[in-house]
Amino acid sequence: MNTYILLSELIVYALFLAFIVIEDPLAVVGYLLALFFGAVVYKKKFPLQTQKLSSLYADNIKQVGLIAALLALTFPFIVNGDPYWLQVINFAILHAIMAVGLNFMTGRAGLICLGYAAFEAVGAYTVGLLTLKLGVSFWIALPLSGAMACLFGIILGLPALRVKGHYLALVTIAFGLIVQELILNTESVTGGTNGLIDIPSPVIFGYDLGTVMNLGFTSMSYLANFYYLCLAVLIFSTVVLYKLSNSFLGLSLNAMREDQLAVQCYGMNLTSYKLYAFAISAFFGGLAGGLYAAMINFIAPENFGYSLSVIIISMIILGGLDSIPGALLGAFALSIFPEKFRAFEDYRVFFYGLIIVLCLLFMREGLVPFKRRIFKAFPREAG
Amino acid sequence: MELLSVKDLTINFGGVTAVSKVSFSLAAGEMLGIIGPNGSGKTTLFNLLSGIYQPSAGTIALNGAPIQGLPANKIFNLGIARTFQNGRLFWNLNVVENIIMGLEETRTASIFGAIFAPAKEKALQTQAITKAMDIMGIFGSLLLNQADKIAKDLPYADRRRLEICRAIASRPKVLLLDEPSAGMDSLETERLMNDLLKVKKSIPDLSIIVVEHDMGFIKGLVDKVMVLNYGESIAYGTFADIAGNEQVINAYLGQEDGR
Ligand SMILES: Nc1ncnc2c1ncn2[C@@H]1O[C@H](COP(=O)(O)OP(=O)(O)O)[C@@H](O)[C@H]1O
Ligand SMILES: [Mg+2]
């Protein structure tokens, strides 16, 4: 284990926890500005160290992830099972699952999607209907929620195959709206505007995740159970998408993003590859939806509107397109910040819009730009 | 039997016939030069051969089997690879990755293998990198020394070299080169000519069609030449055959060299 990685991650975690504690909006702004300028100044003053640290992280990405996951295990204890913060972080984790999922198609494959919330809806209704109406176990329904979203991904993929750029954006917006309308109009099954109520909580070995987590020495809100469940799914999603991103498939999708005509002239079947991208991305949106339904126990079409799609895409733009760490950071940042400014609740969507505009104008590469290539040449002697 | 035989190949865009009844054939290992003034249909002919455009009439046969009308990816997989006049590298991928995009492994690797069989995936990736580096070796250390560079950061001439490497990575039967020397000065052009001779030598069975604007470039390189003018083939033969052709002189050689 590398001590620098451990130490730096501990510092980041401590800064994050400190951030959570601060309540006053002005103090929050001050804190964020201090962090931001601190980082900028550090980068300017110690470019070599910054470079070293970033390549240390990049070279030991598995270790970085493992330490981060271990640190994450402590979170419910540190907030002492506080339901408010667990709820906020659980939503942040669901957003993060969606962000890494969307990043695969939009970041890696360059296929813009402004209807990603539809996949979460499909996943949520799959779990909701299967567990509530058919009594299927959550543990079977959850993978099915991913599979169902996959299917919808392919359905969206088919009309989207022929269009590019702005037109693709429009098709995906329409898709998001259509799914929402579909749910509204199949009232006998989905409950329409009323949604689905009393979706059962998952039960594992007789233990109901919807009950208080009692550990003897302490007890925590049921949300702590879901925290660990969501965290497990986030880790799974990140690992799978990391592997796919760094495979031949990931390379091909990257090349497709660069030049759709050239990849065809290099033997790629554009249709299949676009469908792979749609289906894989959709799968993770579906998983997030399945978790959402089981955690909240209540779902309605308005939970999966266009604004959610915009929120998720602003997360990956802020973090840096085609960057998995960026997607994670963007998701957490944009899920947690608004909690600090709840007095300005009405400006939330404005805030997301502003983030997108500012990023596109001043920070095209996002907070954690993707610099690492998939394949590297073997070292050779010069000459 | 001829490797590639093209008969009466024609394409119309609205009222314009960009390629008109072009016929030629190519044996394994043969090199054909296509020359003609700007707008004479050279690139369009390549777009037809590589499946980007579907011909209005005529046939293309590879090893006797008709391939006209097939999509670009199928044609590539059958063994016809091309470069582009303006260079179409994957600009944000590095040099190795650009070449790997031409390798067979990229299209045959299993998606599930990438998740569930990491050792196998890793071995396949190592193999791909090795192959890519071997291919770069054709140009000595020129590309090898920049193997991890992002394509858009390469000097101009090396971009063209990289495009050639990417195209031959798939071990094609036919290689189509669209104005490989475009934008190069005379020194670079001469070097590229030597490079192409190297490619030819290292893969003796490879048939090459090279489109050139500049007659001088192909003179020492090709076995046969075809001259296009307004989409029609006005001369076809060895260099000596066409040099005396009056039509060619009028259409092309007499003209100022401008693009
Ligand atoms: N997609 C197209 N639509 C309409 N006209 C085209 C198209 N592609 C090529 N052409 C026409 O075909 C002719 C030949 O062009 P091109 O093959 O690019 O010439 P060259 O490569 O010999 O300079 C030009 O007149 C061009 O305008
Ligand atoms: Mg041309």
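The values are calculated or read from the model by the stated rules, or taken from the named source; none is laboratory data. Here the structure is a predicted model, which means the values were calculated and not measured. All Cβ positions, glycine included, derive from the backbone under ideal geometry; neighbour counts span all protein chains shown. Accessible surface is based on the protein model in full, side chains and every heavy atom, while ligands, DNA and RNA are left aside. Shrake-Rupley method; radii C 1.70, N 1.55, O 1.52, S 1.80 Å.
Here are the numbers for the structure shown:
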item	result
B:Asn38 versus A:Val349: modelled label distance in nm, points set 7 Å from Cα along the beta carbon direction	5.1
Residues in region A:64-108 that a label on A:Ser219 would reach, taking backbone N under 18 Å of a point 7 Å out along Cα→Cβ	A:77, A:80-84
Label-to-label distance, nm, for residues given as B:Lys74 and A:Lys371 (7 Å Cα→Cβ offset)	4.5
Residue mean of other protein chain beta carbons inside 10 Å, B:167-173	1
Share of alpha-carbon pairs per 10 Å distance bin for region A:1-73, given as whole %	17, 41, 34, 8
Ranked packing of B:68-80, A:208-220, A:59-71, most packed first, by mean Cβ within 10 Å	B:68-80, A:59-71, A:208-220
Stretchable slack from A:Ile204 to A:Ser188, in nm (0.36 nm times residue separation minus alpha-carbon distance)	2.7 nm
Calculated P(r) of region A:39-153 - Cα pairs past 20 Å, %	65
Among B:Leu124, B:Leu49, B:Leu221: highest mean-square fluctuation, GNM of chain B, C-alpha pairs under 10 Å	B:Leu124
Förster radius 22 Å - calculated FRET efficiency between A:Ile140 and A:Glu302 (Cβ-Cβ, nearest 0.05)	0.20
For B:Phe13, solvent-accessible area (1.4 Å; no DNA, RNA or ligand), Å²	90
GNM top mover of A:Gly176, A:Gly107, A:Gly305 - chain A, alpha-carbon springs below 10 Å	A:Gly305
Net length gained if the chain between A:Phe362 and A:Phe36 were fully extended (0.36 nm per residue, minus Cα distance)	115.9 nm
Accessible carbon and sulfur surface of region A:92-159 relative to its total accessible area, %, 1.4 Å	82
Per-pair calculated FRET efficiency, R0 = 45 Å: A:Val163 and B:Asp148 via Cβ, rounded to 0.05	0.80
Inter-probe distance in nm under a simple model that places probes 7 Å from Cα toward Cβ, at B:Glu188 and A:Phe378	3.2
For B:Gly33, residues with placed amide H under 5 Å, excluding near neighbours	B:Val210, B:Asp223, B:Lys224, B:Val225, B:Met226
Residues whose placed amide H lies under 5 Å from that of B:Glu232, excluding near-sequence neighbours	B:Ser20
Efficiency of FRET from Cβ geometry, A:Leu151 and A:Leu17, R₀ 25 Å, rounded to 0.05	0.05
Kirkwood-type radius of the protein assembly as shown, with distances r between different C-alpha atoms, in Å	27.5
Helix B:156-168 axis, angle to chain B major axis (alpha carbon atoms, nearest 10°)	80
Cα Rg, Dmax (largest Cα-Cα span) when computed across region A:75-362, Å	18.8, 64
Between A and B, accessible area buried - total, square angstrom, nearest 100, 1.4 angstrom probe	3400
Over 27 Å between alpha carbons, listed pairs B:Lys42/B:Lys198; A:Lys52/B:Lys149; A:Lys243/B:Lys198; A:Lys52/B:Lys120	A:Lys243/B:Lys198; A:Lys52/B:Lys120
In degrees, nearest ten, helix B:118-136 long axis to first principal axis of chain B (Cα)	40
Acute angle (nearest 10 degrees) that the helix B:186-202 long axis makes with the longest principal axis of chain B, alpha-carbon atoms	70
Translational diffusion of chain B, µm² s⁻¹ [Kirkwood Rh, Cα pairs; Stokes-Einstein; 37 °C; 0.692 mPa s]	171
Peptide B:49-58, shielding by other chains (average Cβ, 10 Å cutoff)	1
When the convex hull of its Cα atoms is projected in every direction, mean area for region B:83-188 (nm²)	7.1
